[in-house]
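The structure appears right after this line, and notes come after that.
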Amino acid sequence: MSSMVNELRRVFFDDRLLITLSELCEASEVSPSQIRYWEKKGYIHSRQNQKNQSHKYTLRTLATVAGIKFYLDQGFTLATAFQKQNQQRDLHQSVKTFMMKRIHDVQEKSNQVEIDLGVVANAPGKRVVAIVDQDGETQLVLREQQN
């Protein structure tokens with residue numbers, strides 16, 4: 001597994017990457033007063049290392065806020081929006097698990113990026129590679145396993 005893949009995993013899936021309240025509000029298009037209210041109600045949580053220090057939020061919290069906002073915009077109450085967002089958490093966890101376990105390597109090769117997704121279960125001599133071109137078009141290909 002390449003060190004770049006490990007670094008991407010560390011950055012995106014480690015809860016040490018924190019954003020400020022203003023960054024959370026800008027990214028989610030939710031007002032600071034709403035964020036504070038949702039936190040007071042226990043729907044989201046922040047981190048604060050020391051008293052009187054600004055609150056910081058994880059990327060997971062950003063996803064939760066975006067999900068709640070989506071359901072509120074659909075006309076649901078806050079409690080129902082939070083409940084529906086929680087139901088989506090399993091789906092998000094599955095995508096995260098897929099990315100953590102299936103992305104084995106990422107390489108840039110002649111105007112495209114190749115993402116090695118590993119060995120095919122029913123064809124052990126083959127690997128699945130996702131090829132993303134400069135226009136964002138993606139295709140999956142099978143390649144012979146190299147030793």
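Tabulated data
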| item | result |
| --- | --- |
| In segment 18-44, the residues that are of a type in the set (Ser, Thr, Tyr), within 17 Å of LEU72 (Cβ to Cβ) and not in a helix (DSSP H, G or I) | SER31, TYR43 |
| Subset of segment 104-134 (residues that are β-branched (Val, Ile, Thr) and within 20 Å of the chain's Cα centre (by Cα)) | VAL106, VAL113, ILE115, VAL132 |
| Residue under evaluation LYS69, criteria (1) under 30 Å from VAL129 (Cβ atoms); (2) touching a residue at least 40 places away in the same chain (Cβ under 8 Å); (3) among the charged types (D, E, K, R), criterion not met | (1) |
| Wholly enclosed strands (runs of 3 or more DSSP E) of segment 106-147 bearing at least 1 residues out of contact with any strand residue (DSSP E or B) (no Cβ under 9 Å at 6 or more places or on another chain) and loosely packed, with under 12 Cβ neighbours inside 10 Å | 123-133 |
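Just so you know, all these numbers are worked out from the coordinates, no wet-lab data involved. Source: prediction; values computed, not measured. Here the Cβ is made from the backbone with ideal geometry for all residues, glycine too, and neighbour counts use every protein chain on show.
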